[in-house]
1. Quick check, is Val60 assigned to a loop (DSSP other than H, G, I, E, B) and either surrounded by 14 or more Cβ atoms within 10 Å (Cβ to Cβ) or modelled with pLDDT of 85 or more (or both)?
2. Here are the criteria: (1) in contact (Cβ under 8 Å) with a residue 24 or more places away in the chain; (2) part of a helix (DSSP H, G or I); (3) closer than 24 Å to Ser22 by Cα. Tell me which single one Gly98 does not satisfy.
3. How many residues does region 21-57 contain that are open to solvent by less than 40 Å² (accessible area, probe 1.4 Å), hydrophobic (A, V, I, L, M, F, W, C) and more than 30 Å from Ala90 (Cα to Cα)?
Amino acid sequence: MESGNDTTDPLEGRTHGDPDGSRRTALANERTYLAWWRSGLSAIALAVAIGAVLPQLTGVEGGAGLVAVGVGFGVLGVAVVLYGAVRERAVANALAAGGYAPLSRFAPVLLAAAAALLGVAAVVVVLVS
């Protein structure tokens, strides 16, 4: 029995009461965009912590290395926010046209590789210091 609620049937992959699911998909796109923002802002906050706060707190000789890693995380954070904006527009345009915008294989791999390299660099700089 249908209760009149909008429910998704996972077997059919469509939404009852909202045949094209466009409202839910648009809201999901907004939530995903905000997740890109959170991730980017987290990387920028990490950049400040590693590049500015940590060298002052520790007073170690490796301050220049920590600043360099901090700058790298700052650049990564800005790149994540910008890519999130580009991705949000692509998905919104595809939804408006009734289509789908697949996620690029290149950008997420590049961002993940940069984050991994910066993480390794941070550990190395801290260990060497």
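1. On the way: assigned to a loop (DSSP other than H, G, I, E, B): yes; either surrounded by 14 or more Cβ atoms within 10 Å (Cβ to Cβ) or modelled with pLDDT of 85 or more (or both): yes.
Yes; evaluated as a whole, the condition is true for this residue.
2. (2)
3. Within region 21-57, residues that are open to solvent by less than 40 Å² (accessible area, probe 1.4 Å), hydrophobic (A, V, I, L, M, F, W, C) and more than 30 Å from Ala90 (Cα to Cα) number 1.
The values are calculated or read from the model by the stated rules, or taken from the named source; none is laboratory data. From a predicted model like this one, the values you see are computed outputs, not experimental measurements. Glycine also receives a Cβ, built like all others from the backbone with ideal geometry; neighbour counts cover every protein chain displayed. When the accessible area is computed, the model is the full protein with side chains, heavy atoms only, and any ligands, DNA or RNA have been set aside. Shrake-Rupley method; radii C 1.70, N 1.55, O 1.52, S 1.80 Å.
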